[in-house]
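Notes to accompany the following structure.
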Amino acid sequence: MKEINRILIYRIGNLGDIICAMPAMVAVRRHFPNAWISLLTNKEGASNPDAEEVLKGNDFLDEIITYHPAKLHEAGYLLNLLKKLRSLRIELLIYLAISKSTRKRLVRDWSFFRLAVYGKLIGFKLPRPIRFYIKDGIKMPVYLQEVDRLMSLLRPLGIDPTIIDFRLPIKENHRQAVDAIWNNYELNNKNPVVAICPGAKFPVKRWSPGRFAQVASILCNKFGARILLIGGPNERAAGEEIVKGAGNSIINLIGKTDYMMSAEVVRRCNLLVSNDCGPVHLSAAVGTPVVGIYSSRDYFDAWHPWGDIHTVLRNDSLPCRFCLKTECETMQCINSITVEQVIKACEKYL
């Protein structure tokens, strides 16, 4: 292959989307050590973490270019973005699409990047099931976990998709800040430390704070665990409800740590108990086991934490599974997961 000097990676989304794409970005850097590598990504809003925040301090990208999706319908804005990309004289575009991409979207994006990029385009493939299993007489699809799916898109470049390296940009200042937390709360190896993340982007993926409080109380009383709450500012109300229900021994860090501090916190924990949200993927990236409490809105395995050390609890017996809803009146699938199930799943890690 001709030497490639300028590469553009396309990946949009929030914390979990970016974390799951990091091994692919690292693999591209490893394969093209001397190339200039840019990331094109979206910028949503102040309440949602974007790639610039998550990837701050990384050593595998040279540049992050952001755009505002809400402005793409403006001809002038779209034209300026096109001019910007053409000025980079990109020789290779790596399209790391979100897992919900449609054929229409792929065709639209391919047409745009064909105008913007001088060289080769790869990655324009729709996600497909890798296998099926039978549950209650119904054929159920299983998809590649998102990290593995994105890595598989790099095969045309001769990149081995089985070499996974998240390379989170955890720096010394993050470690020192977490040292201070550990010292302040006298956390040590005598008692297991369990992180709980009660948040999620969509309401349909949120288990109730009251149940998280019950889990926290049992883990404290039965296993002597120290409980840390993590999450963004949007989860503050849920955190306060958990503290109220479980007692003042809970260490509430919600809204007090940035993303790499959270990663370092979880790295030092024995376990993360969490809804389906970004910190699940942070935990997988640092090698800490996850007990995931999942709704059945999404396809099996696609957004489970990467790796085989985790336990995901979900109810796929309902006819409304794989609904892809963001809100639900009954929340039957996630509400059917009991406190007892979660405690049983936690036991093997403590």
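No lab work stands behind these numbers, since they all come straight from the coordinates. All values reported here derive from a predicted model rather than from experimental measurement. No Cβ is skipped: glycine too gets one built from the backbone with ideal geometry, and neighbour counts run over all protein chains shown.
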Tell me the mean residue ellipticity at 222 nm calculated for the chain from its helices only (DSSP H runs of n ≥ 4, each -39500 (n - 2.57), averaged over every residue, nearest 500).
-10500 deg cm²/dmol
Roughly how tilted is helix 75-87, in degrees to the nearest 10 and between 0 and 90, from the longest Cα axis of the chain?
80 degrees
Looking at Leu168, Tyr10, Val265, which one has the Cα that reaches farthest to the positive end of the dipole of the chain (charges on Cβ: Lys, Arg +1; Asp, Glu -1)?
Tyr10
Hey, got the dipole for region 6-157? About the Cα centre, +1 on K and R Cβ, -1 on D and E Cβ, debye to the nearest 20?
780 debye
For the chain, take the longest principal axis of its alpha carbons; what is the angle in degrees between that and the long axis of helix 236-246, to the nearest 10 within 0 to 90?
20 degrees
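Using unit Cβ charges (K, R positive; D, E negative) and no other charged atoms, how large, in debye to the nearest 20, is the dipole of the chain about its Cα centre?
On the way: 47 positive and 34 negative charges, 211 e Å.
Rounded to the nearest 20 debye, it is 1020 debye.
Just for region 172-347, what percent of DSSP beta bridges are antiparallel, to the closest 5? Kindly include the intermediate steps, with their values, before the conclusion.
Details: 0 of 17 bridges.
Antiparallel bridges make up about 0 percent of those DSSP assigns within region 172-347.
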On a C-alpha basis, how far is the centre of region 141-172 from the centre of region 240-275 in Å? Whole number, if you could?
27 Å
Among Met25, Tyr67, Leu150, which residue has its Cα positioned farthest towards the positive end of the charge dipole of region 6-157, with +1 placed on the Cβ of Lys and Arg, -1 on the Cβ of Asp and Glu, and the dipole taken about the Cα centre?
Leu150
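Can you pull out the GluC sites (Glu not before Pro) in region 14-68 whose DSSP state is coil and whose Cβ has at most 16 other Cβ atoms within 10 Å?
Of the GluC sites (Glu not before Pro), the ones in loops of region 14-68 whose Cβ has at most 16 other Cβ atoms within 10 Å are Glu44.
Determine the gain in length on full extension of the stretch Arg108-Lys190; use 0.36 nm per residue of separation and subtract their C-alpha separation, reporting nm with one decimal.
Working: separation 82, 0.36 × 82 = 29.52 nm, distance 5.60 nm.
Once the chain is fully extended between Arg108 and Lys190, it gains 23.9 nm.
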Taking neighbour counts of Cβ atoms within 10 Å as a proxy for exposure, in what order, fewest first, do Trp303, Trp182, Trp36 appear?
Trp182, Trp36, Trp303
Using alpha carbon centers only, region 24-76 is separated from region 282-350 by a whole-angstrom value of 29 Å
Leading residue at positive end of dipole, region 1-125 (Cβ point charges), from Leu40, Tyr118, Leu81
Tyr118
So what's the angle, to the nearest 10 degrees on a 0 to 90 scale, between helix 15-31 and the longest Cα principal axis of the chain?
50 degrees
